[in-house]
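Just so it is clear, none of the values below were taken in a lab; they were calculated from the coordinates. This is a predicted model, so every value here is computed, not measured. Every residue, glycine among them, receives a Cβ derived from its backbone with ideal geometry; neighbour counts consider all protein chains shown.
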Amino acid sequence: MRSFTTADLNKQVGEVTDAAQRAPVVITRRRKPRFVLMSLEHYEALRGPSDPRRAFTLDTMPDDLRDGLLQAAEAYEQEHGGDD
């Protein structure tokens, strides 16, 4: 894996990002590896396929999902009278 310093990143951003487009590169600070710079395509391949199916409880789900779910449940109850 190719390596650049943080100074290289500041001075030669074009060269560093071109290298990162081809393959991930290590960015060092004070001679120690600190960061990895890679293309979005490399990152997404590393992450693997995302699975949109996720389980939540009302306490753990994002607010917008919870609010939408509660509104849908309330609308259903009003339409159907809450009787099963």
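Which is farthest toward the positive dipole end of the chain among PRO52, ALA72, ALA19, measuring Cα position about the Cα centre, with Cβ charges +1 (Lys, Arg) and -1 (Asp, Glu)?
Positive-most Cα among the choices belongs to ALA19.
Suppose every K and R has +1 on its Cβ and every D and E has -1 on its Cβ; what is the size of the dipole of the chain about the Cα centre, in Debye to the nearest 20?
On the way: 12 positive and 15 negative charges, 329 e Å.
The calculated dipole for the chain is roughly 1580 debye.
Using Cα pairs under 8 angstrom and six or more residues apart, how large is the relative contact order of the chain, in percent?
19
So how many Å³ per residue does the convex hull of the Cα atoms of the chain work out to?
171
Grab the other residues whose beta carbon is less than 12 angstrom from that of ALA72, score K and R as +1, D and E as -1, and report the net.
Once positives and negatives cancel, what remains is -3.
Looking only at the chain, where both bridge partners belong to it, what percent of the DSSP beta bridges are antiparallel (to the nearest 5)? Provide the component values of the computation, followed by the final result.
Working: 5 of 9 bridges.
DSSP beta bridges in the chain are roughly 55 percent antiparallel.
Suppose only helical runs count, i.e. DSSP H with n ≥ 4. What mean residue ellipticity at 222 nm does that imply for the chain under -39500 (n - 2.57) per run, divided by all residues and rounded to the nearest 500 deg cm²/dmol?
-15000 deg cm²/dmol
Give the peptides 4-11, 52-59 in descending order of average Cβ contacts within 10 Å, highest first.
Numbers: 4-11: 14.8, 52-59: 7.4.
Going from most to least packed, we get 4-11, 52-59.
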